[in-house]
Amino acid sequence: MRATDIEKWKDAFISAREKGDPKPVLAGDFAGVTLEDAFQVQRSLVTEISQTDAIAGYKAAVTNPAAQAAQGLSQALYGVLFDSGLFRQGDAVDSSGFHRCILETEIGYRLKQDICELPDLGNLHEFLEPIPMLEFADAGYDDLASMGPLDLTAGNSASACYLPGDRTGEVELNQVSVSLSRGGEIINNGRGSDAFGDQQVAFSWLIEQVLAAGYEIKAGHYLMTGALGRPAPLKPGEYVADYGDFGRIEFIVN
């Protein structure tokens, strides 16, 4: 893509963001767009947003091979988290602040120090603190029927909000079992191995992709490795994400 087209696509996202409108579907407006092009648009978008809203971490997306195949992808995607997207336990989540929000139970990692290269996997405790974490992903596009993986990628891979929890016990991460309930009814179950088949593979891939894209991974940042189980549409109600010995997250959606 030409640099002018990248800026045009990015500016359309920024305009929609400022107006509170759904993201525009534009991949079809440019000839021969590739996934690499879409990531360049994403990077341009992130650069502009981060001038006033600091980067808070990074997320993997579409980590399940079946979901990739359904979208015509041969790889997972990644996106960027911002400070403004942070929810905390006890916060009331306003569902009207999203266009098309889905809730994902995930395993997250809080960075203990800066990472400039993939760390020694034998000393991960020095770099990463694993925690229960929820993602509020918003694939709000103005033409959902036409939205494909290129539009999803360019628009920052549906990144919106996130809620980190507290770890209450030491567990083998791939064996973590989580249930998500709304109003006492279970709406999703997942396991730690649902993301890339292995949590170590998941966060290693994410770190490598983010560093290769030229981003900085800083102490205090979060990494999110992908959905455990299936995403659930966000609806009003009282939610509990129960990770067993790993932890628990409770919140209310209005």
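Each reported figure results from applying straightforward, stated rules to the coordinates on display, with no laboratory input. In this text the structure is predicted, and so the values were computed from the model without any measurement. Positions of Cβ are generated from backbone atoms using ideal geometry, with glycine treated the same way; all protein chains shown enter the neighbour counts.
Observations, loosely collected:
- The range 154-224 - charge dipole about Cα centre, Lys and Arg +1 at Cβ, Asp and Glu -1, debye rounded to 20: 180 debye
- Antiparallel %, DSSP beta bridges [both residues in the chain], to 5: 85 percent
- Counting every other Cβ atom within 10 Å of each residue's Cβ, 1, 133, 147, 224 order from fewest to most as 1, 147, 133, 224.
- Its DSSP H runs of at least 4 residues, each contributing -39,500 (n - 2.57), put the calculated 222 nm mean residue ellipticity of the chain at -7000 deg cm²/dmol, to the nearest 500.
- Its Cα centre serving as origin, the chain has a Cβ charge dipole (Lys and Arg +1, Asp and Glu -1) of approximately 320 debye.
- Measuring between their Cα centroids, the range 52-129 and the range 1-44 lie 21 Å from each other.
- For 52, 47, order by how many other beta-carbon atoms lie within 10 Å, fewest first: 52, 47
- Annotation for the range 1-98: trypsin sites (Lys or Arg not before Pro) lying in DSSP loop with at most 12 further Cβ atoms inside 10 Å of their Cβ are 2, 88.
- Of 221, 125, 99, the sequence from fewest to most neighbouring Cβ atoms within 10 angstrom is 125, 99, 221.
- For the range 63-163, share of DSSP beta bridges that run antiparallel, in % to the nearest 5: 95 percent
- Candidate lysines - alpha carbon under 26 Å from residue 10, same-chain residues fewer than 8 apart omitted: 19, 23, 59, 218
- Rounded tilt (10° steps) of 35-49 against the dominant C-alpha axis of the chain: 80 degrees
- Longest site-free stretch - the chain; sites: GluC sites (Glu not before Pro), DSSP loop, at most 10 other Cβ within 10 Å: 1-116
- On Cα atoms only, tilt of 199-212 relative to the major axis of the chain in degrees: 30 degrees
- Relative contact order (%) - the range 3-253, alpha-carbon pairs under 8 angstrom, separation at least six: 26 percent
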